[in-house]
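See structure below.
The values are calculated or read from the model by the stated rules, or taken from the named source; none is laboratory data. None of the values given here were measured: they were computed from a predicted structure. Positions of Cβ are generated from backbone atoms using ideal geometry, with glycine treated the same way; all protein chains shown enter the neighbour counts.
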């Protein structure tokens with residue numbers, strides 16, 4: 001694929017985004033291709049080294065704030081007529097509560113995900129505390145001269161320490177997955193706005 005074909009394909013893939021962002025990306029990748037050609041690459045090699053149009057589209061969606069896409073989407077393309085303004089005002093008692101309810105549900109689901117992660121880390125911290133408590137209890141029994149009764153809290157400390165290590169890796173894995181899921185949901189929501197724009 002040569003430079004012109006690549007930029008045409010990229011423009012098509014980015015359609016639906018704010019025009020300023022499309023032009024900025026086209027200029028950026030056009031310059032990048034030119035720089036690589038100046039370094040000695042062929043036009044096709046320079047284009048191939050950049051990556052696929054789909055990867056660039058996904059990265060662009062990640063970079064553009066959702067607020068900007070929403071503003072671009074809801075901004076009227078023409079001046080509203082009087083009857084349209086009246087209809088929006090009369091429908092406000094219906095559409096506004098529905099919009100707020102939908103937003104509240106989405107926010108609740110998002111918060112539930114993060115609440116689960118916070119709960120997992122709270123369990124991890126309590127396990128660490130239990131290890132130190134069991135070690136302290138074993139030390140107290142040892143100081144009091146009952147070394148045999150110190151074995152039970154010491155064994156519990158070792159068992160809980162192993163559980164703590166296991167839980168730590170579980171917490172990290174769950175946190176990474178929730179962060180990835182959050183990013184995917186964000187890109188998915190942005191894609192909905194862009195996809196609707198493309199169909200018009």
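Quick notes on this structure:
- Within segment 53-65, the set of residues being exposed (fewer than 13 other Cβ atoms within 10 Å of the Cβ) and outside any helix (DSSP H, G or I) comprises 65 only.
- Any hit, segment 114-129, residues being assigned to a helix (DSSP H, G or I), over 30 Å from residue 180 (Cα atoms) and in the same structural domain as residue 177 (by TED's automatic domain parsing): no
- Answer residue from segment 143-155, given it is more than 51 Å from the chain's Cα centre (by Cα) and part of a helix (DSSP H, G or I) and is surrounded by the most Cβ atoms within 10 Å (Cβ to Cβ) among those: 147
- In summary, residue 80 fulfils each of the numbered conditions (1) in a loop (DSSP other than H, G, I, E, B); (2) surrounded by 12 or more Cβ atoms within 10 Å (Cβ to Cβ) with the single exception of condition (2).
- Restricting attention to segment 2-49, the residues that are surrounded by 14 or more Cβ atoms within 10 Å (Cβ to Cβ) and not in a helix (DSSP H, G or I) add up to 5.
- Of 55, 31, all but one fail to be modelled with pLDDT of 85 or more and under 25 Å from residue 185 (Cβ atoms); the exception is 55.
- In segment 82-95, the condition of being closer than 29 Å to residue 178 by Cβ and modelled with pLDDT of 80 or more is met by no residue.
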